[in-house]
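Right, one structure below, let's go through it.
The values are calculated or read from the model by the stated rules, or taken from the named source; none is laboratory data. Just so you know, these numbers come straight off a predicted model, no measurement behind them. Don't worry about glycine lacking a Cβ; one is built from the backbone with ideal geometry, like all the others, and counts go over all protein chains shown.
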Amino acid sequence: MNDRAGRRRARRLVIGTAVVLALAGMNGPWLYRFGTEKYHQYQINKPEYKAENGKWDIVEFPEEYRQNTIHAALLRTGKVLLVAGSGNNQDNFDDKKFDTRIWDPVKGTIKKVPTPKDLFCTGHTQLANGNLLIAGGTKRYEKLKGDVTKAGGLMIVHNENPDKPITLPAGTRFTGKENGKTFVSKDPVTVERATKTFDKNTGKFTGNKPGLGRIYVEAQKSGAAHETGTQDNYAVQGLSGADAKNTYGIAQKLALDKKDFQGIRDAFEFDPVAEKYIKVDPMKEARWYPTLTTLSDGKILSVSGLDDIGQLVPGKNEVFDPKTKKWTYTDKVRQFPTYPALFLMQNGKIFYSGSNAGYGPDDVGREPGVWDVESNKFTKVPGLSDPKLLETSGTVLLPPAQDEKYMVIGGGGVGESKRSSEKTRIVDLKADDPKFEDGPSLEKGTRYAQASILPDDSVLVSGGSQDYRGRGDSNILQARLYDPSGNGFERVADPLVGRNYHSGSILLPDGRVMFFGSDSLYGDKGNTKPGTFEQRIEIYTPPYLYRGAQPSLSGGPETIARGASGTFTSQHASSIKKVRLIRPSAATHVTDVDQRSIALDFKASGNKITVTVPKNKNLVQSGWYMLFVDDDQGTPSKAQWVRVP
């Protein structure tokens, strides 16, 4: 803890003690509570307090515009896209009530946007053209053991015909040759034709390797009597002749056990000007909660997620080309857990921090490291403390991005574990031998802490909960600013709303930060009442916006190429100390892999300021950025939008 934070904490303690002593002689607990709250409101609204600690405000939309916001992204128009899909609500899913909103934080307006699929648990990232790529979502909600009424599971369909593929429609019946039980497919499946195989030495034909298709099947009737306990071969009803001979199913146990969420293949671009979804080529794999990461060539990598059977996608990663609007598989297989935090490095490789959202084995693909997508080489990064407490941890690329330092924040145990970590861990990937080292600690073990990069190079870390999904009334109403140069936290004003699972934060173009979501499991400390989704937006105004007028910034080019310069007008040019390009956020599940802050070289002359974008194409991903200038008081301008082609 730095000296400034210590002094401020001591001052808070003195103020709090004085309030208690002054009110101790008053009659009645009501007067005590009223007086304390009134004094607290007086204190936090004093100009000097806000200049040190900032201020929180709640935005509550009219009832008809409220939603369970799961994902949010800042659009290049300055508006915010709020995506719920079905909002983790089974009734909404069953009724096909899928939600998207666009909120204008300046005008305060909000409007509904037609949502084509259930984009609950989708993946998203910013594209170079300013659109948002959105891929994956929910095909079916999970069913816990006890809620499953019909036995079901994965059926592998085999096609031994080398001359043609075969398509089986939804509703196809499969009957076990040994158990005699019949199961029905829930979706259509196309099974590719078999591949002829030959001996490598003699060239002699050795047989056909069947084409394989995966499909979820379910018993026709409810009850345990329809479960199976062992593997069986299944005949496909309705086929005849060669098709009946060449096509069959193989399934392991088909039972009444828990059924996980199932994903979809659909993908869309969201156009921020037309304010609508545009359908593009679907992914090769169905994915529930994929991670999308922009590569150095502008293509988008999609990894992980649960497939259309509810199983973790087995390392089959794919890439979207914004020019062709098509997806292709990567050459190599690399397994990650669900929703891994992946970041593009300056050398074009991918850094995996270890942060994830679970849904998968706890011993597969969870170690942090650097991944070369082309060669598929993975180099582990050692030194991570609390390695078993990384679920729902946050990761942020510390500013400026050129330093290539990353911070992993808090986290919890696998699944519904009560364990959580108060640690932060920092790694410098430019070091000769990169390894994690512990940074400053949080006060409590914290899952779901939100982290947003600010234009003054600090990082706002707020919220989260000590227990799984806020269980036991464990939401943490605390916020801190992290200073990368001093490697220390400074406690600032406390948020008003608790935030845990399905929450996030986004830097706005005026320098404020918006917070959304929170999906508490329970609504009381005793865990006896069901939780309700937090639909209110909260805005944090950082201290720098209470210390004087924001420096002006206007004019200048809309596009600046890598290695090129652009000149802007500012009446405060002589006082400018920093210039930053900040990539707009696309946030979900705490970690926001899109945000990064890039330091720019600049020169000031008169009322003009000339900024230069770095040449390194891997440092500045193509796309739209917010350009901020900071004065000598650390106060940022409002952002100018700049496109880097």
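Just checking: which of the strands (runs of 3 or more DSSP E) contained wholly in the stretch 298-347 hold 2 or more residues that are more than 29 Å from Ser597 (Cβ to Cβ) and not charged (D, E, K, R)?
Details: elements: 300-303, 318-321, 326-329, 342-344.
Because the criterion is at least 2 residues that are more than 29 Å from Ser597 (Cβ to Cβ) and not charged (D, E, K, R), the strands (runs of 3 or more DSSP E) in the stretch 298-347 that meet it are 326-329.
Can you confirm whether Ala274 is within 28 Å of the chain's Cα centre (by Cα) and modelled with pLDDT of 95 or more? So Ala274 passes the test.
From the residues in the stretch 130-157 that are assigned to a loop (DSSP other than H, G, I, E, B) and in contact with an Asp or Glu (Cβ under 8 Å, 6 or more places away or on another chain), which one is surrounded by the fewest Cβ atoms within 10 Å (Cβ to Cβ)? The selected residue is Lys145. Candidates Ser421, Ser417: the one that is modelled with pLDDT under 95 and among the polar types (S, T, N, Q) is Ser417. The set of residues from the stretch 155-214 being on the phi > 0 side of the Ramachandran plot and in contact (Cβ under 8 Å) with a residue 12 or more places away in the chain comprises just one member, Gly171. Summed over the stretch 189-206, residues that are assigned to a loop (DSSP other than H, G, I, E, B) and more than 46 Å from the chain's Cα centre (by Cα) total 6.
Please go through the stretch 136-167 and pick out each residue that is among the aliphatic types (A, V, I, L, M) and touching a Lys or Arg at 6+ places or on another chain (Cβ under 7 Å).
Leu144, Val148, Leu154, Ile156
Exactly one residue among Leu477, Leu460, Leu454, Leu442 is of a type in the set (A, V, I, L, M) and closer than 25 Å to Val414 by Cβ, and that residue is Leu442.
Of all residues in the stretch 286-303, those being surrounded by 23 or more Cβ atoms within 10 Å (Cβ to Cβ) and free of Cβ contacts under 8 Å to residues at least 40 places away in the same chain number 1.
Residues in the stretch 413-422 include none that are farther than 14 Å from Lys388 by Cα, among the acidic types (Asp, Glu) and in the same structural domain as Pro399 (by TED's automatic domain parsing). Of the residues that sit in the stretch 515-530 and are in contact with an Asp or Glu (Cβ under 7 Å, 6 or more places away or on another chain) and in contact (Cβ under 8 Å) with a residue 60 or more places away in the chain, which one is farthest from Gln466 (Cα to Cα)? For the stretch 515-530, the residue satisfying everything is Phe515.
For (1) of a type outside the set (Lys, Arg); (2) in contact with a helix residue (DSSP H, G or I) (Cβ under 7 Å, 6 or more places away or on another chain); (3) under 21 Å from Met514 (Cβ atoms), each residue gets a yes or a no:
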position: Pro557; (1), (2), (3): yes, no, no
position: Ser570; (1), (2), (3): yes, no, no
position: Ile582; (1), (2), (3): yes, no, yes
position: Ile598; (1), (2), (3): yes, yes, no
position: Pro614; (1), (2), (3): yes, no, no
position: Gln621; (1), (2), (3): yes, no, no
position: Arg643; (1), (2), (3): no, no, no
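If you go through the stretch 196-207 one residue at a time, how many are of a type in the set (Ser, Thr, Tyr) and loosely packed, with under 11 Cβ neighbours inside 10 Å? Matching residues across the stretch 196-207 total 1. Considering every residue within the stretch 321-342, establish whether at least one is closer than 24 Å to Phe268 by Cβ, of a type in the set (A, V, I, L, M) and touching a residue at least 60 places away in the same chain (Cβ under 8 Å). Yes: one or more hits. Mind listing whichever residues of the stretch 120-150 are at pLDDT 95 or above and among the aliphatic types (A, V, I, L, M)? Selection gives Leu127, Ala128, Leu132, Leu133, Ile134, Ala135. The set of residues in the stretch 58-109 being surrounded by fewer than 20 Cβ atoms within 10 Å (Cβ to Cβ), basic (Lys, Arg) and without any contact (Cβ under 8 Å) to a residue 60 or more places away in the chain consists of Lys96, Lys97, Lys107.
Looking at the stretch 89-126, which of its residues are out of contact with any Gly (no Cβ under 6 Å at 6 or more places or on another chain), aliphatic (A, V, I, L, M) and within 14 Å of Tyr277 (Cα to Cα)? Scanning the stretch 89-126 gives Ile102, Val113. The one condition from (1) of a type in the set (A, V, I, L, M); (2) surrounded by fewer than 19 Cβ atoms within 10 Å (Cβ to Cβ); (3) over 30 Å from Ile70 (Cα atoms) that Ile539 does not meet is (3). Taking the criterion of being under 8 Å from Pro337 (Cα atoms) and crowded, with 17+ Cβ neighbours inside 10 Å, the residues of the stretch 362-376 that qualify are Gly365, Arg366.
Selection over the stretch 425-472 of residues that are charged (D, E, K, R) and within 19 Å of the chain's Cα centre (by Cα) gives a count of 2.
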